[in-house]
Amino acid sequence: MDMKKIIDDIIELPILPEVATTLIKLIEDPDSSANDLNDVLISDAALSAKLLKLVNSPFYGMKEPVTSLKKGIVILGFRTIRSMAISTSVVDLFDFIEFDGFSQEEFWVHSLGVATASSLITEYLDIQNDTAFVCGLLHDIGKLIMNQYAQNEFKEILFYAKDSNLCFYDAEVKLGVDMNHAEIGEFLAKKWNLPVSVQTVIADHHKEPEDTGEPVLVSAIQLANHVCEQLKIGTGGNYGPIVPNHKQCVKFCKGVNIKDIIETLKTSVEKIREMTNV
Ligand SMILES: [Fe+2]
Ligand SMILES: [Fe+2]
């Protein structure tokens, strides 16, 4: 299946807004603080409005409406705001075309679920920055490029995966696409100048962890993907197992209490859904 040519011929790829680029840079820096985040938020009216919408959503159960940005920041907390800010600025970039088995809301719930789970996993591994969150959020971004620019091919892969009970990636392999969603995602990540570690994880998220330059992050994403599929936290167009080498994932994520992560995730689903709606 000829995908490379379609991708090469795209004249205008979505452009990542400045605010998201800044936030992703902040995430890589373990010393970044709530103050850095506030500075970014204050400069962006649309994001500030979304923050207020999120804090006033039923999930947070406020007795009175919160109208002050400062108060909203305190209630939501650093991590939640950072996650919301990055994810909403990416969500808005794509013209999502819905198909049977591929809905915008479920796709983003899946992506945010994997982001949240990956972030929890690397916390156990004492990784100081939260690159895992960005990797989780964007791991399947290549599917959105396909969905927007190569609809027929995308549909064919999706329906093949469904009919054959395969994950999307295995369906791509079977159909012999010359550029799969991981490679397309990497292409976009390069265009967006995302950190090299993020580019690598997007490119390699279906490879065996030992075969990539980022084995720990790739393992974290694969475990997170697996857990989210099991818990049915959104869907990413998969109809079969995703993890290529479970043993390796466990090896690279030694000491991670998956049971704890599952419990935390279960309580985060509602919050994740609210976040995709702002
Ligand atoms: Fe994927
Ligand atoms: Fe996924």
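The values are calculated or read from the model by the stated rules, or taken from the named source; none is laboratory data. Everything quoted here is computed from the prediction, not taken from an experiment. Here the Cβ positions follow ideal geometry from the backbone for every residue, glycine too, while neighbour counts run over all protein chains shown.
Numbers for the structure displayed
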read-out	value
Helices (runs of 4 or more DSSP H) wholly inside segment 43-94 containing at least 3 residues that are small (Gly, Ala, Ser)	45-55, 78-91
Members of segment 110-150 found to be in contact (Cβ under 8 Å) with a residue 24 or more places away in the chain, in a helix (DSSP H, G or I), away from ligand 1 (no atom under 15 Å from the Cβ) and over 24 Å from Asn193 (Cβ atoms), listed by number	Thr116, Leu120, Ile121, Tyr124
Segment 13-45 - residue that is surrounded by 12 or more Cβ atoms within 10 Å (Cβ to Cβ) and among the small types (Gly, Ala, Ser) and, of those, modelled with the highest pLDDT	Ala20
Filter result (more than 12 Å from ligand 1 (Cβ to nearest atom) and either among the aromatic types (Phe, Trp, Tyr) or outside any loop (DSSP other than H, G, I, E, B) (or both)) within segment 229-252	Gln230, Leu231, Tyr239, His246, Lys247, Gln248, Cys249, Val250, Lys251, Phe252
Boolean, Lys174 is in contact (Cβ under 8 Å) with a residue 24 or more places away in the chain, more than 11 Å from ligand 1 (Cβ to nearest atom), among the basic types (Lys, Arg) and on the phi < 0 side of the Ramachandran plot	no
Filter pass, Leu158 being touching a helix residue (DSSP H, G or I) at 6+ places or on another chain (Cβ under 8 Å), of a type in the set (A, V, I, L, M), surrounded by 17 or more Cβ atoms within 10 Å (Cβ to Cβ) and within 23 Å of Asp29 (Cα to Cα)	no
Test for Thr264: is it touching a residue at least 40 places away in the same chain (Cβ under 8 Å) and away from ligand 2 (no atom under 16 Å from the Cβ)	yes
Hits in segment 119-178 - residues which are polar (S, T, N, Q) and closer than 19 Å to Ile202 by Cβ	Ser119, Thr122, Asn129, Thr131, Asn147, Gln148
Meets criteria (buried (at least 24 other Cβ atoms within 10 Å of the Cβ), in contact with a Gly (Cβ under 9 Å, 6 or more places away or on another chain), outside the structural domain of Thr22 (by TED's automatic domain parsing) and not aromatic (Phe, Trp, Tyr)) for Ala171	yes
Residues located in segment 179-215, provided they are in contact (Cβ under 8 Å) with a residue 60 or more places away in the chain, at negative phi, out of contact with any Asp or Glu (no Cβ under 6 Å at 6 or more places or on another chain) and not in a helix (DSSP H, G or I)	Met179, Trp192, Leu194, His205
The one condition in (1) at pLDDT below 95; (2) within 16 Å of ligand 1 (Cβ to nearest atom); (3) in a helix (DSSP H, G or I) that Leu265 fails to fulfil	(2)
Members of segment 46-57 that are surrounded by fewer than 18 Cβ atoms within 10 Å (Cβ to Cβ) and charged (D, E, K, R)	Lys53
Residue check for Gln230: touching a helix residue (DSSP H, G or I) at 6+ places or on another chain (Cβ under 6 Å) and within 14 Å of ligand 2 (Cβ to nearest atom)	no
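Condition check ((1) surrounded by 15 or more Cβ atoms within 10 Å (Cβ to Cβ); (2) assigned by TED's automatic domain parsing to the domain that holds Lys155) across all residues:
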site: Lys63; (1), (2): no, no
site: Val66; (1), (2): yes, no
site: Leu69; (1), (2): yes, no
site: Gly72; (1), (2): yes, no
site: Arg82; (1), (2): yes, no
site: Thr88; (1), (2): yes, no
site: Glu106; (1), (2): yes, yes
site: His110; (1), (2): yes, yes
